[in-house]
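Written out below as structure tokens is the structure these notes cover.
The values are calculated or read from the model by the stated rules, or taken from the named source; none is laboratory data. What you see is a predicted model, and the numbers here were worked out from it, not measured in a lab. Cβ: placed from backbone, ideal geometry, glycine included. Neighbour counts: every protein chain shown.
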Amino acid sequence: MTSELQAFTLERPLVFFDLETTGLNVVTDRIVQFAAVKYLPSKESPVELVYFINPQMPIDPQASAVHGISNEQVAQEPTFNELADEIYDFIGDADLSGYNIKRFDVPMLMEEFDRAGIRFSVSERKLVDVQEIFFKMEPRTLAGALRYYRGEEMINAHDALADVQATIKVLAGQVEKYQGAVFTQPNGEQIDNPIVPDVDMLHAFTKQEGQLDATNRLRRDSGGEIVFNFGKHKGRALKEVFSKERSYYHWLQDKDFSVQVKEISRTVWESMNE
């Protein structure tokens, strides 16, 4: 084993793996890159396996902006179906580890294997999700943030005023801690000193790119067009759908969607009918 895992005693192989995909839907999206490193109980040198994969569907531009893999890059690569046996044999009966694998990578991989006619079960495997260790040991709560940024313990947690006062302290601590810091975005671009006592700049920094509503039903695509992010019209512009299927607008207004979704769709509808 490499020095990082020298202290580990393995009863069977342990495979660390990660997937890059066409999007975030584990059922409908596909894998465009599979990478894994297998550690053996014998402590031999770990074995690596990396494949770029033709997903046989377009890569969402937002996903491509994060992982940098384009449709052209994988167009001539083998499909998952062609690689399934080799990937399955590489993993074997190993336990699995990775970052956020329980919620995303494992179910995504299971779906791909199922489409290839291979039953991939995790019921007898041990799963070590590094993200869960991180979140449990460094809780992503207001109390955890107050402890991290101010070294203070939370008093009267979940009392509304106490929470507000703690939030004020956390923001002040963040501005102090990150003074002069550099933030690297997923696409590699860097932002100098993003955390400053300026509301406009903090709003811009914390804004979710493309996301328009809290339920993430609507978003802006790379061209700035408002598009659906769910259902049969996912990826299509609201204007296009409403012009061809006027009843869909009324369906949105009548169903149990958020106020944000209804207001945004209403604005689009009204602009079309001015």
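Numbers for the structure displayed
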| read-out | value |
| --- | --- |
| Cβ pairs under 6 Å, 6+ apart, first in the range 80-107 and within 16 Å of Y39 (Cα to Cα), second of a type in the set (D, E) | G98/D18; G98/D105 |
| Residues that are farther than 14 Å from F16 by Cα and part of a loop (DSSP other than H, G, I, E, B), drawn from the range 66-112 | G68, I69, S70, A75, Q76, E77, P78 |
| Hey, N187 at pLDDT below 90 and either more than 30 Å from V15 (Cβ to Cβ) or basic (K, R) (or both) or not | no |
| From V74, V128, V122, V106, residue being touching a Ser or Thr at 6+ places or on another chain (Cβ under 8 Å) and not hydroxyl-bearing (S, T, Y) | V128 |
| Any pair with Cβ under 7 angstrom, 6 or more apart, that starts in the range 258-271 at a residue that is closer than 10 Å to K239 by Cβ and ends at one that is at pLDDT 90 or above and among the charged types (D, E, K, R) | V268/K239 |
| Among (1) without any contact (Cβ under 8 Å) to a residue 60 or more places away in the chain; (2) β-branched (V, I, T); (3) surrounded by fewer than 20 Cβ atoms within 10 Å (Cβ to Cβ), the one test that V32 misses | (3) |
| The listed residue being free of Cβ contacts under 8 Å to residues at least 60 places away in the same chain, aliphatic (A, V, I, L, M) and surrounded by 12 or more Cβ atoms within 10 Å (Cβ to Cβ), out of A160, A143 | A143 |
| Residue that is farthest from G210 (Cα to Cα), among those in the range 224-258 that are of a type in the set (D, E) and outside any helix (DSSP H, G or I) | E245 |
| Leading residue by the ranking (farthest from P58 (Cα to Cα)) among those in the range 233-271 that are among the small types (G, A, S) and over 29 Å from the mean Cα position of the chain (by Cα) | S271 |
| Boolean, V261 is touching a helix residue (DSSP H, G or I) at 6+ places or on another chain (Cβ under 6 Å) and either assigned to a helix (DSSP H, G or I) or in the same structural domain as N25 (by TED's automatic domain parsing) (or both) | no |
| Top-ranked residue in the range 14-29 [being β-branched (V, I, T) and not in a strand (DSSP E or B); ranked as surrounded by the most Cβ atoms within 10 Å (Cβ to Cβ)] | T22 |
